[in-house]
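Student: Below you'll find the structure I mean.
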Amino acid sequence: MKRLLGLILVAIVVVGFVLPEPVRMPDWEQPTGGPALARRLTAVEYDNTLKTVFGAEVPIVLRHEAPLRSHGLIAAGTSEVGFSAFSAEQYYVSAQAVAEWARSSGWLASHFGCIEQTSGFDRACAQVVSQKLGQQLIRRPLAAAEVEQLSGIAERAGNLDSDIGTPWHALLSSLMMHPEFLWRVESIGDPIDSSVAWVDDAAMATRLAFFLTAAPPDAALMQAAQRGALRDPQLRAAEVDRLINAPTLRQAVRVFFEDMLALGDLENLLKDPVIYPAFVPQVAFDAKEQTLKTIEEHVLDLRSDYRDLFTTQAAWVTRPLGVVYRMPVPTRVGWERQEFSDQSHRLGIQSHIAFLASYAHPGRSSATLRGAAIREVFLCQEVPDPPADVNFALLQETGNHVLPTARDRLKRHREDPSCMGCHAITDPVGLSLENFDGAGSFRTSENNAPIDTSGSLDGRSYEDPTGLAYALRNHPETPRCLVEKMYRYAAGRDTEWLERAYLDGLVDVFADSGYQVVALMSAIANSDQFYSVWTQPRVVQAH
Amino acid sequence: MAITRRSALKGMFQGAAVTVSLPFLETFAIPALASTPANYPLRFGTWIWGCGFIPEKWIPQATGTEFELPEHLRHVQAFQQKMALLSGFDVKLDGVPNKPHVTGCLGLRTGIPVPNREVVAPTLDVLIGDQIGSDTRFRSLELSASGTTNSYSYRAASSPNPSEISLLAFYDRVFGDGFQDPNAGHFAPRATDLVQQSVLSQVSESRRDLMRRVSASDRARLEEYYDGLRQLEQQIALRLEPPAPVENFEFPSRPEMPELGAEMDTVLENHRLMSKLLARAVQANQTRIFNMLLSDTASNLRERGSTTTHHTLTHEEPVDATLGYQPKVGWFADQSMIGLRDFLQALDEIEEGEGTLLDHSVVLAHSDCSIAKSHAVEGIPVIVAGSGSGRIKTGQHIAGYGDPISRIGLTLQQAMGLPTGQWGTLAMRTDRTIEALIG
């Protein structure tokens with residue numbers, strides 16, 4: 001026995017020498033940093049900034065180009081996206097429109113008394129305007145030299161054109177074309193330890209504000225940041241609470257889920273009017289709003305369990321939606337709140353038109369697209385591209401009655417060795433939604449053959465869309481995926497290797513809250529990690 | 001102090017805007033304008049259709065100058081002497097995974113096959129644009145007729161030049177505010193332009209300080225922003241000078257909004273209208289570089305009333321045993337050549353001296369793959385149309401016999417005056433000009 005113990009001891013010592021030192025993950029609350037970023041404003045952030053600074057009347061004329069979606073989110077693409085000549089043109093057009101409006105509508109004069117009181121250009125007044133509007137648009141206090149430069153721009157403009165409004169037009173134009181208005185350029189602030197620092201105070205406020213309000217920091221937050229309050233957990237918590245309880249949280253939640261579910265793509269969704277005559281353009285618009293209204297009610301008004309979004313039967317509907325859903329909607333114009341009946345087989349936001357029609361073809365459904373979307377959007381699983389040299393010879397077209405249903409046709413894929421890997425991942429999930437056609441209407445047959453909606457999701461088998469709804473709701477990756485996406489959204493990038501412990505911690509907090517989305521947002525906004533950056537650039541190591 | 005046109009114009013701004021009358025073709029008369037092609041700007045454009053072709057319906061049996069156009073090319077019969085067909089040139093993958101509909105298209109346009117959309121920019125059109133088109137109002141103009149804003153024109157990997165999908169938005173952008181009618185006969189510089197030039201110049205001065213604060217990768221992205229500012233400055237500078245008169249230019253009226261959709265007939269009509277507007281924009285020297293997308297590389301086109309897109313059909317339609325190809329896919333390939341005809345016609349019906357706008361342009365028309373069913377990037381069909389004022393030898397069919405397709409890109413760069421000796425990477429690296437294509 002002693003000999004055996006001795007051998008074990010020797011083995012442990014030897015193995016101890018041979019095995020590399022295990023990587024120690026930090027405590028989840030200990031900040032590990034990340035890169036300081038230059039994030040380009042999203043379309044929503046740009047528009048909301050204009051509305052916040054100038055009010056609801058400001059003209060929004062910017063034609064945004066298609067965003068870059070990275071790791072499933074437009075927000076994560078903002079730290080990777082470049083800048084085309086087209087963008088420069090469009091920002092310029094918008095800058096001119098806003099500057100002209102601010103001058104001609106009297107907005108400038110009504111907000112800056114010194115403009116109204118002077119008959120010509122007044123440099124002191126230009127300094128006041130530069131300081132205030134600069135701080136709001138660039139999201140940080142301006143240095144004296146910057147104020148001087150902006151005032152100089154206004155003065156030079158006045159010298160070139162005698163129109164009394166020209167200096168102010170020039171001043172606003174220059175601010176709206178300023179790189180730090182169009183980009184959220186972050187600087188490194190005070191150190192936390194030898195390798196990790198706070199992002200600077202202004203950037204902390206910007207991170208927090210865009211995350212919890214989808215808009216730039218207000219004056220109170222900017223002032224708190226300048227006092228260093230966001231580096232103090234208690235003072236920061238007070239600001240987080242203030243923003244969490246502000247009406248702007250509704251906007252923030254909508255923007256996040258619109259990004260996560262790619263609901264913006266519905267604006268360009270076209271269906272064949274011959275095949276789906278009920279899918280008029282208003283349906284696409286209302287479908288997006290329906291899903292967002294459902295999420296708003298569930299997450300904010302009821303503070304319900306996030307996972308129940310996949311089984312909810314809440315039905316916000318309009319008449320155009322009612323035609324596709326084939327349910328009566330007495331309200332002639334506008335929204336009404338109903339419940340989807342048990343017979344409708346509609347449980348969860350994945351049974352909404354927004355999801356079903358988006359992940360389908362213009363003239364038919366797609367079990368593959370829907371299955372892939374369930375995995376990628378809600379479970380954060382990656383579905384590989386199809387191989388380039390796949391042989392489709394066995395697959396037939398939709399009108400062929402030899403293989404009347406999608407299940408029959410896709411079965412051929414799953415039997416082909418080069419296809420079966422991916423289709424085994426997507427199809428058992430997507431086929432459970434085949435009860436819904438390419439527009440989202442319920443059906444029980446395709447080409448006169450009954451549709452079989454049985455399927456399975458990662459070991460859980462079911463018979464119909466209801467079964468899929470519960471399998472998705474109870475999938476262990478469902479809440480974790482939301483945590484990952486929410487943090488990527490907030491951080492504007494993919495997660496880092498060393499952030500695994502942090503994410504685990506967030507998952508626990510989320511679970512402890514009963515999977516309340518607002519609690520998750522609060523946890524991120526209160527964490528040091530959200531505001532920490534590396535002191536030196538590192539090779540980015542994706543999670 | 002030398003009195004330049006610029007300083008003279010600045011001198012006019014002693015107060016409000018002034019109007020400077022410029023007698024048409026007197027002040028800025030170009031005596032040789034109508035006689036030699038050398039006086040017309042050289043233009044370069046690309047034209048893309050998705051999902052390849054049916055080889056037996058597209059590749060002429062003979063090479064050289066004596067050949068008959070196969071069935072699908074009958075639509076462009078009128079342009080046979082104004083174009084060169086190139087068949088049998090391959091994107092050489094050299095171990096790079098083939099991302100369907102992406103690797104072939106970007107490999108052709110950059111000489112570097114990539115396994116995803118992380119294109120190794122810039123693309124060919126941008127390279128050529130920097131040589132021949134940097135002093136126009138727009139660096140380039142991109143259009144897409146089938147509703148997708150995708151583009152295969154990249155200055156940098158993360159910033160494609162997005163395609164306009166709206167005919168009206170394109171019209172307003174080019175012919176709306178900021179457009180100077182070259183034949184208006186009078187010139188009215190605006191004081192506001194001088195002001196804005198000063199503003200943008202000041203904004204650009206932030207560059208040095210900002211670049212010091214950001215990482216190397218962010219520096220490259222911000223450099224694109226400053227590059228965009230430079231184009232804006234140039235646009236304004238152009239507005240401060242009288243535009244050169246343009247013969248035969250007719251200011252286009254604002255079009256009606258056409259029907260939108262991905263049905264083939266709708267797309268062809270939208271494309272025809274877009275081509276005409278684009279040709280007017282090019283004629284009026286708004287740009288020298290243009291990129292038109294008839295259909296995206298994973299084509300979303302449909303036959304009206306059909307449940308299935310062109311792209312899906314390439315996957316799912318059975319090969320007809322008698323024909324030896326997918327008949328419905330063949331229909332889209334055939335229809336796509338009607339689109340090419342309309343595009344070339346729009347350029348060719350604008351007369352410039354003794355030739356046409358097409359004669360003074362080089363258009364690289366290509367798809368993303370050869371046989372879409374297998375996503376093959378070998379033998380991607382290519383047409384080079386327009387001789388570029390004699391730089392390209394047209395009226396011929398050249399077979400590549402499996403040569404790297406980067407030879408086409410290299411040859412076009414050289415024809416357009418770039419000092420490029422070799423182009424591409426790995427098996428696509430080539431220094432072999434296609435001599436037969438050089439005029």
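Every read-out reported here was derived from the displayed coordinates using simple, explicitly stated rules and does not represent laboratory data. The structure displayed is predicted, hence computed values, not measured ones. We place every Cβ from the backbone using ideal geometry, glycine too, and count neighbours over all the protein chains shown.
Student: Could you order peptides B:202-210, A:249-257 by the average number of other Cβ atoms within 10 Å of their residues, highest first?
Tutor: Descending packing order for the listed peptides: A:249-257, B:202-210.
Student: Assuming R0 = 41 Å, what is the FRET efficiency of B:TRP331 and B:GLN422, from their Cβ-Cβ distance, to the nearest 0.05?
Tutor: 0.55
Student: In whole Hz, what ³J(HN,Hα) sequence does the range B:229-242 give by Karplus (6.51, -1.76, 1.60; θ = phi - 60°), x for Gly and Pro?
Tutor: Once θ is set to phi - 60°, the couplings for the range B:229-242 become 4, 4, 5, 4, 4, 5, 4, 6, 4, 5, 6, 8, 10, x Hz.
Student: Here's something else I'd like to know. What nm distance separates the two modelled labels at B:GLU66 and B:ASP135, each placed 7 Å from Cα along Cα→Cβ?
Tutor: 4.6 nm
Student: Also: When the Cα atoms of the range A:29-108 are enclosed in a convex hull and the volume is divided per residue, what value in Å³ results?
Tutor: Spelled out: Cα convex hull of the range A:29-108, divided by residues, is 133 Å³.
Student: Further question: For helix B:191-204, what angle does its Cα long axis make with the longest principal axis of chain B, in degrees from 0 to 90 and rounded to 10?
Tutor: 70 degrees
Student: Using the Cα atoms of the range B:286-427 to build a convex hull, what is its mean projected area in square nanometres?
Tutor: 11.4 nm²
Student: For the range B:227-368, count the residues as N, evaluate 2.2 N^0.38 Å, and divide the Cα radius of gyration by that value, please.
Tutor: So the Cα radius of gyration is 1.32 times the expected 2.2 N^0.38 Å.
Student: Let me ask something additional. Straight-line reach from B:LYS82: which aspartates and glutamates have a Cα under 17 Å away, not including same-chain ones fewer than 8 places off?
Tutor: Within the straight-line cut-off, B:LYS82 pairs with B:GLU66, B:GLU68, B:ASP342, B:ASP348, B:GLU349, B:GLU351, B:GLU352, B:GLU354, B:ASP359.
Student: So, one more: Between B:SER215 and A:ALA424, what is the spin-label point distance in nm, taking each point 7 Å from the Cα along the Cα→C-beta axis?
Tutor: With each label point 7 Å from Cα toward Cβ, the separation is 3.8 nm.
Student: Further, regarding this structure: Take each of the peptides B:322-333, B:46-57, average the number of other beta-carbon atoms within 10 Å over its residues, and list them starting from the highest. Write down the numbers at each step before the final one.
Tutor: On the way: B:322-333: 17.9, B:46-57: 24.3.
Highest mean packing first, the order is B:46-57, B:322-333.
Student: Consider all pairwise Cα distances in the range A:452-520 and report the whole-number % of them above 17 Å. The partial results should precede the final answer.
Tutor: Details: 1186 of 2346 pairs.
Cα-Cα pairs of the range A:452-520 separated by over 17 Å account for 51 percent.
Student: In 5 Å bins starting at zero, report the fraction of Cα pairs in the range A:155-240 per bin as a rounded %.
Tutor: Values per bin, smallest distances first: 3, 13, 17, 17, 14, 10, 9, 8, 5, 3, 1, 0.
Student: Once you put a point 7 Å from the Cα of B:ASP431 and another 7 Å from the Cα of B:ASP265, both along the Cβ direction, what distance in nm separates them?
Tutor: 5.5 nm
Student: Follow-up. Once phi is turned into θ = phi - 60°, what whole-Hz ³J(HN,Hα) does the Karplus curve with 6.51, -1.76 and 1.60 give for every residue of the range A:197-204, x standing for Gly and Pro?
Tutor: 9, 6, 5, 5, 4, 5, 5, 4
Student: Here's a follow-up. Treating the angle as unsigned and between 0 and 90°, give the value, to the nearest 10°, between the Cα long axis of helix A:500-512 and the longest Cα principal axis of chain A.
Tutor: In chain A, helix A:500-512 runs at an angle near 80 degrees to the longest axis.
Student: How charged is the neighbourhood of A:GLY189? Take every other residue with its Cβ under 10 Å from the Cβ of A:GLY189, and add Lys/Arg as +1 and Asp/Glu as -1. Show your work: numbers first, answer last.
Tutor: On the way: positive: A:ARG231; negative: A:GLU186, A:ASP190, A:ASP200, A:ASP201.
Around A:GLY189, the charge tally is -3.
Student: On average, how many beta carbons from a partner chain sit within 10 Å of the beta carbon of a residue in A:363-375?
Tutor: Mean inter-chain Cβ contacts per residue within 10 Å come to 1.
Student: Run the Debye formula on the Cα coordinates of the range A:276-321, all scatterers equal and no solvent, and tell me log10 I(q)/I(0) at q = 0.16, 0.18, 0.32 1/Å.
Tutor: -0.47, -0.57, -1.13
Student: How well do other chains shield peptide A:94-106, expressed as the mean number of their Cβ atoms within 10 Å of each residue Cβ?
Tutor: 1
Student: Something else now. Would you please state the base-10 log of I(q)/I(0) at q = 0.25, 0.27 1/Å for the range B:395-439, with intensities from the Debye formula using one equal scatterer on every alpha carbon?
Tutor: Results for the range B:395-439 at q = 0.25, 0.27 Å⁻¹ read -0.89, -1.00.
Student: Relative contact order of chain A: what whole-number percent is it, with Cα pairs under 8 angstrom and at least 6 residues apart? Can you show the working numbers first?
Tutor: Numbers: 819 pairs, mean separation 99.9, N = 543.
Over chain A, the number comes to 18 percent.
Student: Related question: Identify which of B:GLY178, B:GLY395, B:GLY386 has the largest mean-square fluctuation in a Gaussian network model of chain B, with springs joining Cα atoms closer than 10 Å.
Tutor: B:GLY178
Student: Shifting gears a bit: Near B:LYS373, which lysines are there with a Cα under 27 Å away, not counting those fewer than 8 places off in the same chain?
Tutor: Counting by Cα, and skipping residues close in sequence, B:LYS373 has these lysines nearby: A:LYS271, A:LYS411, B:LYS57, B:LYS92, B:LYS99, B:LYS328.
Student: For chain B, what is the mean residue ellipticity at 222 nm derived from helices alone (per DSSP H run of n ≥ 4: -39500 (n - 2.57); sum divided by total residues; nearest 500 deg cm²/dmol)?
Tutor: -10000 deg cm²/dmol
Student: I would also like to ask the following. Lys and Arg at +1, Asp and Glu at -1: add these up for the other residues within a Cβ distance under 12 Å of A:LEU270 and post the number.
Tutor: -3
Student: Report, as a whole number in µm² per second, the diffusion coefficient that Stokes-Einstein gives for chain B at 20 °C and 1.002 mPa s using the Kirkwood radius over alpha carbon pairs.
Tutor: 93 µm²/s
Student: Over the whole of A:148-156, what's the average partner chain Cβ count within 10 Å per residue? Rounded to a whole number, please. Walk me through the intermediate numbers first.
Tutor: Values: counts 0, 4, 1, 0, 1, 6, 1, 0, 5.
Per residue, the number of nearby Cβ atoms from other chains is 2 on average.
Student: Report the far tail of the P(r) of chain A, meaning the percent of Cα-Cα pairs longer than 32 Å.
Tutor: Cα-Cα pairs of chain A separated by over 32 Å account for 54 percent.
Student: Which FRET efficiency value, to the nearest 0.05, do you get for A:ASN448 and A:THR535 by plugging their Cβ-Cβ distance into 1/(1 + (r/R0)^6) with R0 = 51 Å?
Tutor: Numbers: r = 68 Å, r/R0 = 1.32.
For R0 = 51 Å, the calculated efficiency reads 0.15.
Student: I would also like to ask the following. Can you tally the net charge around A:PRO233? Count Lys and Arg as +1, Asp and Glu as -1, for every other residue whose Cβ sits under 12 Å from the Cβ of A:PRO233.
Tutor: -2
Student: Of all the Cα-Cα pairs you can form in the protein assembly as shown, what percent are over 51 Å apart?
Tutor: Values: 121687 of 481671 pairs.
Cα-Cα pairs of the protein assembly as shown separated by over 51 Å account for 25 percent.
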